[in-house]
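Below: the structure, in C-alpha cells.
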Amino acid sequence: MSYLDLTKGVPGLGKATVSFWFRIPATTREAARADYINRRFAPAGLNDDLVFAGSIPLLSWGPSVLQAQFTSGVMSNSAFVGPSYIGLQMDDVVAEAMLSVRFQSTNPAGLNDGSLSTGNSFQIGQQQPGGFSYSTEGMPAPDIFVAADTWHHLITSFDVSTGTHGSLWLAFDDHNYNGPQLYPSGEVARSYVGDGGGGSDPNAIDCVFNLFSGWFGYGFDPVDNPFGTPVPRDYAVHNLPVEMAELQIFTGRTLDTSIVDNRRAFIDADGKPVDPAAAALLMGKRPEVLLHGSGNWIAGRNTGSLGLRLPDTVIAAGQFTPTGKIDAYSPGPSLHGDQGTPGLRKRTAA
Amino acid sequence: MRTEGSTDKPYVENPPEHLKEVHWGGGLAVHFYAADGPPVPPPPPVALRIARP
C-alpha cells in the first residue's frame, strides 16, 4: 500500500479551494464495486465497518464516525462510516465511478423526520456512502461519471466552516457544475436548488437535517485532521490504486469555478496543467499544500506554505509522511493528450 | 455569493511573466498502490453525541 499522511492535517480545511489531477485504473473501479457489494449487502449488525465502502478516496481527512439506526426506538444496527473525502463512489449498478465528496461531521446528523426514511426508522450520525455526489439534474441517472484509465481534473471550492449553511463550487474536466447539478445522494447536506429547499443561490448547500428538522440545529462541523492522499494512515486499509498529480489546496479562500478565467489558473484551454504560480497569483497567496512534480509526491514534500517557508526553510509539521512504494507515472495529466494504454503503466524517473 | 480570486486578483489582466505551460514529458504524476495485508479495524470513532430537542 502507499499513501501520504499528514497527521496534523490542513488547518482551516472547512473553507478551501482544492485542485488536482487524478485517474483510476479500471481494476480499481471494479475493486470498489466488489467492496461495495461485499460490505453494503452484508447483514447489518453492530459496529459494522462501512468506512469507505465502495469508495475510491483521493483526498481524505477527519474522523470516522458512528452511524446508528433505530427502529421503534431500539438501536437496530450501527456502523463506522468514513471521514470527509474527495473521490469516487461505486455501487453495484453503475458502469463508471461517480464523483463524490463528503463533508463528514462529528455532529450527529439529527433525527429523520420521516421525509428521508421509510417506516419508523431514523438515523443518527452520517450516512455512507453519501455526503455529496455531484450530479446532473434528473434522477435516476444524475451522477457525474468518471471514466477509468484517463486523466481528469477537479477544482472544488467550498465553505462548510461553520453553521448549517455552506457554499460549494465545482469544475470537473473544465466544466462547471452548480444549482440542480449539485444534487447530493447522501443525507449530510443538500443543495438549495437541487432539492427545492428554497433560495436561488446555485452554490448554496445546507445541512439537510437542519433543513427538514428545524429543531435540530446541528451544522457543519469539519475536522481537518488527519489528512492524507489518497488516505491518511488511519484508513490505509481502504486505499486503492490511483494516479494523482498537481495537488493545490488554498485554505480560507473560495473560488467561483463558473468563471473561465479562474479555471485557467489551474487548467489551460487545451486541457493541460498550468504552472502553479498562476493559481498563487489568482488566489493572492501561496497554497497551503502544493505537491508539484513526481519527485515531491514520492517524497511527500509539501512546498506549499504549510510545509515550506520561503525561500528554503522546511516546516516539518507540514510535510507528508510517505508510506509504501509510490511510483512516478506517465503519461502525465491532460484531458485530451496521450492517455496511455489501459493496464500498462509506463514508469518514468521522478 | 462572495468568492476570492475572481475580482480582487484579475489573473487575465495581470498574468505573471513567468507563467508557462507545465512540461509533463515525465515527472508530474505518481501511482499509488493498493492496501495489502490483513484488514485492520477502523480507528475509534468520535463519541456519538445524541441530543434531543
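Tabulated data
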read-out: Residue count, the range A:19-40 (criterion: farther than 14 Å from A:S55 by Cβ and crowded, with 23+ Cβ neighbours inside 10 Å); value: 4
read-out: Residue in the range A:326-337 that is without any contact (Cβ under 8 Å) to a residue 12 or more places away in the chain and surrounded by fewer than 14 Cβ atoms within 10 Å (Cβ to Cβ) present; value: no
read-out: Residues of the range A:227-238 that turn out to be more than 14 Å from the chain's Cα centre (by Cα) and assigned to a loop (DSSP other than H, G, I, E, B), as a count; value: 0
read-out: Subset of the range A:51-66 (residues that are modelled with pLDDT under 80 and surrounded by fewer than 24 Cβ atoms within 10 Å (Cβ to Cβ)); value: A:L66
read-out: From A:K325, A:K285, residue being under 19 Å from A:V231 (Cα atoms) and out of contact with any helix residue (DSSP H, G or I) (no Cβ under 6 Å at 6 or more places or on another chain); value: A:K325
read-out: Subset tally (residues that are basic (K, R) and either in contact with an Asp or Glu (Cβ under 7 Å, 6 or more places away or on another chain) or farther than 14 Å from A:V242 by Cα (or both)) for the range A:299-345; value: 2
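Let's see how each residue does on (1) part of a loop (DSSP other than H, G, I, E, B); (2) more than 22 Å from A:P83 (Cβ to Cβ); (3) within 13 Å of chain B (Cβ to nearest Cβ); (4) modelled with pLDDT under 65:
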{"position": "A:A148", "(1), (2), (3), (4)": "yes, yes, no, no"}
{"position": "A:H153", "(1), (2), (3), (4)": "no, yes, yes, no"}
{"position": "A:W169", "(1), (2), (3), (4)": "no, no, yes, no"}
{"position": "A:I205", "(1), (2), (3), (4)": "no, no, yes, no"}
{"position": "A:W215", "(1), (2), (3), (4)": "yes, yes, yes, yes"}
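The values are calculated or read from the model by the stated rules, or taken from the named source; none is laboratory data. Just so it is clear, the model here is predicted, and its values are computed rather than measured. Cβ atoms come from the backbone with ideal geometry, glycine included; neighbour counts cover every protein chain shown.
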